[in-house]
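Contents: one structure, followed by commentary.
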Amino acid sequence: MKTVGFGVALILLLMPFKAAAVPAANSRATVEITYRTVVPGALPPAWAVLLRPVEAQKAPAARFMARGAEPLQLQLDPGSSWEVSADLPGFWVPRKTLTAGGAGETSHLRLDLWPLGTIGGRVQVREKGLALPPEVLVKTVAASALLNRPAMPPGVLSCPVDKEGHWSCSLPAATFDLAVTAEGFTPHYLWKIAVPPAKTLGLGTFQLERGGSVAGWVAVEGGTIDPAHAVARLSLLAACDTDANTIQQLDRTAVERPVGKSGFLQFTGLAAGSYALEVRQPGLAPARVTDVRVVPRGETFLSEPLLLTRPIALELEIVPPLDERGETWHAQVIRRAEDSRPAPMAFDGQADTEGRFAVPDQSPGWFRVLVLDSRGNRVHSEPERKLEASARTTIELHRTVIDGRLRLGSEPLAGSLWFGGSHGEKSVKMEADATGHFAGLLPSQTFWAVEIEATEPRLRARVRTEVHPDSSGRASVAIDLPETRVFGRIVDQRGEPAPKAFVVATTQGLDQHVEADAAGGFDLRAVPEGSLSLIASDGGSGQSERAVVNALQGAPVGPVELRLRPVRRLSGSVRSPLGPVPGARIVALANAPAAGGGEAMTGLDGTFSLELPANLDAVTAVVKAPGLGTQAFPLASGDGPIALQMSEAAGQVAVALPRAAADLPRDNLGVVLFQNGVEIPITLLREDATPSAASGTDGPGLLLAHLAPGQYVACIAPKQVDSKGSLGHAPRAAVACDSGQLSTGATLALKLHDQP
């Protein structure tokens, strides 16, 4: 049966009909039509049953007179199909389809007759100076089958509003869940409205308000809503890697609403934007939905109910059960943040002496596991996995016994070494003694970035090394730091020492961050031979121009003076078709040959302000925002605020690599991505990067998500000092490139090869 909206049905019933040719009586196909009055009500002595051929919807309807409640018998062509309705004032009659039987057969059809009633009320507009709407829309509210609520046929009535705000409409006499609204205003929901036959039900006065809204249903798996404790929370989304201050600011705008016993929830008075919605009820796993799009002056009705489920439990076992000191492992289980907030810690504690630990009361989602030894070294990172039910997982640790030597030039060096870096996902600390000897255990991995810190001489260095264990699982590692030195001082605009400033030193391989001493001095030791880029900054009002020096073994370079220059303020706003975009991250980077940049987050009104070196003529702003495609904007210098308009359109770029991205730095290579000829540093996309298996490609690679449509070029290129931090140019010595056009909602597959 095809359901027709109430308004459409009523219009059809009131249309004038012309008599049509009646099938001949000798067609030998009999049809008997009976009636059911759904709600008690008297039928008029005579009324019309209407038949229209299914294959000729525009043909006039044939009229057959019915007498009260007496059945109506018709003779029709065998096998013919008809749409049956009625011309019955005061009743709503849903249309049905009838197919006549064969010759000599009798077919039966029952029409449902719904007496009509009237509902009415009055509307007022809360906002002063805003005119009354010309009509009110009354819609039936249909709940998901998951909620086990009575079926509600969809229907919409348009009810004219007079100059005093009064309105009324007729609809079938039954019990309805209704939404009363007007275009551009937030709906009012009414539950179990019993419309009386042949009478008017007053619904009172509705205060109409402007603004966006979100509504939907909540269900409990195998249970019911607890209205005293079920709570829904709606919060604005922010770009990934949002700073803590912005998150706190956005959190203060979050709103909470109780969930009604029926499972219905509604948030009103919302600004346009992207939101995250979470529903909680004690004893159940939270239900979440992200990127809820709120449009100006419209309602977002969730297509599916949020389902509260029984919590799942994760049981994990680490093998071997104890570390090399015979002590228990420390484990951290991190849940993927389903919005832009920092990833929540689901577990942070000790495994037992058998290497086991449990993480109860979790909702389904993506999880990753970190394992730390008793010294706090991060020795293992389990790949992120999606878990939808309780599960048991075994984590096997394979480690290599290290015997190593650390030297500066030809002399032994005492100091601390962090394999994987002090803040890396894997980080193992070892100590080199006065002879330069160090030892320990490392996770089984070939390529390592190593941070080194020594006090005599005072130095901080970063190098890369390889670990190749023998058949017994042991490996010898020799780290020889070059005996290089670059020194100098940082001064302010007046030439006075800048003791709170710092230097960012960029080499062909790794970067270093060095703070100045009380006299503004800096001293870089053990940097790789070759070109070295130096930029000084005080983190606020001053930044130096780039200085490029050549570091040589055994030949100190300096003193180098880095003079801080004034910075200028760049302000503007980020907007989308929905309006201002709060929580967007703007990274402004200098175009070559200058250097430097700045960073900011948009506030609740979508505005931002950041500082840049005053000598920059042009920069590129890379903007990341929740629910929008990451986009690069070339900007020329200017005094006025800038307006960055973003689109909701987005896609993803899958870059297939000849080897793992982590292995490329071994040969001083990296992946470079250009959008419409402008570079977007991969480091800004790394939180969106996942193994290319997610995109269906074979082998290693990157899947870079949430990118604005456009022309893309991906390259493998050498890291170059003179292009670090510079944008808007293609690498001169690219090893390999591939390009293509990214369309909305699509995945652009690019494939890169190693140098032949």
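The values are calculated or read from the model by the stated rules, or taken from the named source; none is laboratory data. Please read all numbers here as calculations on a predicted model, not as lab measurements. All Cβ positions, glycine included, derive from the backbone under ideal geometry; neighbour counts span all protein chains shown. With ligands, DNA and RNA removed, areas are computed over all heavy atoms of the protein, side chains included. Shrake-Rupley method; radii C 1.70, N 1.55, O 1.52, S 1.80 Å.
Couple of notes before you dig in:
- Residue in region 279-290 that is surrounded by the fewest Cβ atoms within 10 Å (Cβ to Cβ), counting only those that are more than 14 Å from Gly222 (Cβ to Cβ) and in contact with a Pro (Cβ under 7 Å, 6 or more places away or on another chain): Arg280
- Identification of strands (runs of 3 or more DSSP E) wholly contained in region 175-225 with 2 or more residues that are in contact with an Asp or Glu (Cβ under 6 Å, 6 or more places away or on another chain) and hydroxyl-bearing (Ser, Thr, Tyr) yields no element.
- Among the residues of region 391-416, those that are outside any strand (DSSP E or B) and more than 28 Å from Thr328 (Cβ to Cβ) comprise Gly409, Ser410, Leu413, Ala414.
- Residue in region 507-525 that is among the hydroxyl-bearing types (Ser, Thr, Tyr), touching a helix residue (DSSP H, G or I) at 6+ places or on another chain (Cβ under 6 Å) and surrounded by 19 or more Cβ atoms within 10 Å (Cβ to Cβ) present: no
- Of residues in region 404-429 being within 30 Å of Gly355 (Cα to Cα) and loosely packed, with under 13 Cβ neighbours inside 10 Å, the one farthest from the chain's Cα centre (by Cα): Ser422
- Only one entry in Leu113, Leu109, Leu88 is touching a Ser or Thr at 6+ places or on another chain (Cβ under 8 Å) and buried (at least 22 other Cβ atoms within 10 Å of the Cβ), namely Leu113.
- Selection status of Ala439, in a strand (DSSP E or B) and either under 30 Å from Glu396 (Cβ atoms) or free of Cβ contacts under 8 Å to residues at least 12 places away in the same chain (or both): yes
- Within region 171-196, considering residues that are open to solvent by 50 Å² or more (accessible area, probe 1.4 Å) and either in contact (Cβ under 8 Å) with a residue 40 or more places away in the chain or under 20 Å from Trp114 (Cα atoms) (or both), the one nearest to the chain's Cα centre (by Cα): Glu183
- Residue list for region 121-139, filter: surrounded by fewer than 17 Cβ atoms within 10 Å (Cβ to Cβ) and under 13 Å from Leu171 (Cα atoms): none
- The lone exception for Ala432 - which of (1) open to solvent by less than 40 Å² (accessible area, probe 1.4 Å); (2) out of contact with any Leu (no Cβ under 8 Å at 6 or more places or on another chain) it fails: (2)
- Verdict on Ala588 being farther than 21 Å from Leu236 by Cα and either at pLDDT 80 or above or part of a loop (DSSP other than H, G, I, E, B) (or both): yes
- Those residues of region 204-219 which are buried (at least 22 other Cβ atoms within 10 Å of the Cβ) and β-branched (Val, Ile, Thr), in sequence order: Val214, Val218
- Residue count for region 439-474 satisfying the condition of being open to solvent by less than 20 Å² (accessible area, probe 1.4 Å) and in contact with a Gly (Cβ under 6 Å, 6 or more places away or on another chain): 2.
- Selection from region 629-649 of residues that are in a loop (DSSP other than H, G, I, E, B) and either open to solvent by 10 Å² or more (accessible area, probe 1.4 Å) or without any contact (Cβ under 8 Å) to a residue 40 or more places away in the chain (or both): Ser637, Gly638, Asp639, Gly640, Pro641, Ser647, Glu648, Ala649
- Cross-chain or 6+ apart pairs with Cβ under 7 Å, region 486-501 first and without any contact (Cβ under 8 Å) to a residue 60 or more places away in the chain, then surrounded by fewer than 16 Cβ atoms within 10 Å (Cβ to Cβ): Pro497/Ala519; Pro499/Asp517; Pro499/Ala518; Pro499/Ala519
- Residue within region 680-698 that is assigned to a strand (DSSP E or B), aliphatic (A, V, I, L, M), farther than 27 Å from Ala551 by Cβ and at pLDDT 70 or above present: no
- Subset tally (residues that are in contact (Cβ under 8 Å) with a residue 40 or more places away in the chain, open to solvent by 20 Å² or more (accessible area, probe 1.4 Å) and assigned to a strand (DSSP E or B)) for region 160-170: 3
- Checking each residue in region 291-327 for being more than 18 Å from Val581 (Cα to Cα), open to solvent by 50 Å² or more (accessible area, probe 1.4 Å) and of a type in the set (Asp, Glu) picks out Glu299, Glu304, Glu315, Glu317, Glu324, Glu327.
- Cβ-Cβ distances below 8 Å connect no pair with a first residue in region 123-145 that is free of Cβ contacts under 8 Å to residues at least 12 places away in the same chain, a second residue that is in a strand (DSSP E or B) and surrounded by fewer than 16 Cβ atoms within 10 Å (Cβ to Cβ), and a separation of six or more residues or different chains.
- Scanning region 370-397 for residues that are open to solvent by 40 Å² or more (accessible area, probe 1.4 Å), more than 24 Å from the chain's Cα centre (by Cα) and touching a residue at least 60 places away in the same chain (Cβ under 8 Å) returns Ser390, Arg392, Thr394, Glu396.
- Candidates are the residues of region 70-85 that are touching a strand residue (DSSP E or B) at 6+ places or on another chain (Cβ under 6 Å) and exposed (fewer than 13 other Cβ atoms within 10 Å of the Cβ); the one that is farthest from Tyr35 (Cα to Cα) is Gln73.
- Residue list for region 417-436, filter: free of Cβ contacts under 8 Å to residues at least 40 places away in the same chain and not in a loop (DSSP other than H, G, I, E, B): Trp418, Phe419, Met430, Glu431, Ala432
- Some residue of region 447-468 being over 27 Å from Val486 (Cα atoms) and among the aliphatic types (A, V, I, L, M): yes
This table checks each residue for (1) basic (Lys, Arg); (2) not in a strand (DSSP E or B).
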| residue | (1), (2) |
| --- | --- |
| Arg460 | yes, no |
| Thr465 | no, no |
| Ala478 | no, no |
| Pro499 | no, yes |
| Asp523 | no, no |
| Ala551 | no, no |
| Gly558 | no, no |
